[in-house]
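Q: The structure that follows is given in the form of structure tokens.
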Amino acid sequence: MRIDIVQGDITARQVEAIVNAANSSLLGGGGVDGAIHRAAGPELLEACRLLRAAELQHGLAVGAAVATPGFRLQARWVIHTVGPNRHAGQTNPALLASCFTESLRIAEELGVRSLAFPAVGAGVYGWDARKVAQVGFEAVRAYTSRPVEAGVPRVELVEFVLFGDETAEIFRAALDESSGGSGPA
């Protein structure tokens, strides 16, 4: 499995699935969530409304993940996950790690081999980008290193797609530190 750090627009990535840092309503918002909804088109909002009307009547729980089609995106799938909100007292790193783990689990169920994450929990939810990077890298490596049944497709490429220079540099430095200075894993 390879981890890449990319600065850019997650909605334009040529991967099989992108992860949406969603809110529990799944009905769109600001930042990455709003950008994904705009790029995917109104069909994404309708798919999220259908999820809310059926199995997610109370919204998507923090740390959980669910998939919808990508509609007008290059990615075939959008995997929505709700990061913990530090401003609301959700400070347990295990909740943050669950966002990455559950997104990977959903990706593998869908047969996805390439996946792009944003900095889940950073920004408006108050998590420090360095902590998000550390937790994200640890969760991805732990998940992808576990044994699986023969023939089960594995995620082979995980991109962390960051919007700004500063966040991308923080993620690059954290990746370098976590891999013992040898670059991408």
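Q: Residues being small (G, A, S) and surrounded by 24 or more Cβ atoms within 10 Å (Cβ to Cβ): count how many of those fall in the range 73-88.
A: Of the residues in that region, 2 qualify.
Q: What about L26, is it modelled with pLDDT of 95 or more, assigned to a loop (DSSP other than H, G, I, E, B), crowded, with 16+ Cβ neighbours inside 10 Å and touching a Cys at 6+ places or on another chain (Cβ under 6 Å)?
A: yes
Q: Same structure again: Going residue by residue through the range 17-34, is there one that turns out to be of a type in the set (S, T, Y) and within 15 Å of the chain's Cα centre (by Cα)?
A: yes
Q: Taking the range 31-59 as the region of interest, how many residues are closer than 14 Å to A119 by Cα and not in a helix (DSSP H, G or I)?
A: So the count comes out to 0.
Q: In addition: Is it the case, given these coordinates, that A116 is within 17 Å of G83 (Cβ to Cβ) and not hydroxyl-bearing (S, T, Y)?
A: So A116 passes the test.
Q: When the range 144-164 is examined, which residues are found to be within 16 Å of V19 (Cα to Cα) and either in a helix (DSSP H, G or I) or within 14 Å of the chain's Cα centre (by Cα) (or both)?
A: V155, L157, V158, E159, F160, V161, L162, F163
Q: Could you tell me whether any residue of the range 120-130 is crowded, with 21+ Cβ neighbours inside 10 Å and part of a loop (DSSP other than H, G, I, E, B)?
A: Yes: the range 120-130 contains one or more residues that are crowded, with 21+ Cβ neighbours inside 10 Å and part of a loop (DSSP other than H, G, I, E, B).
The values are calculated or read from the model by the stated rules, or taken from the named source; none is laboratory data. All of these numbers come straight from a predicted model, not from anything done at the bench. Please note: Cβ atoms are built from the backbone with ideal geometry, for glycine as well, and neighbour counts cover all protein chains shown.
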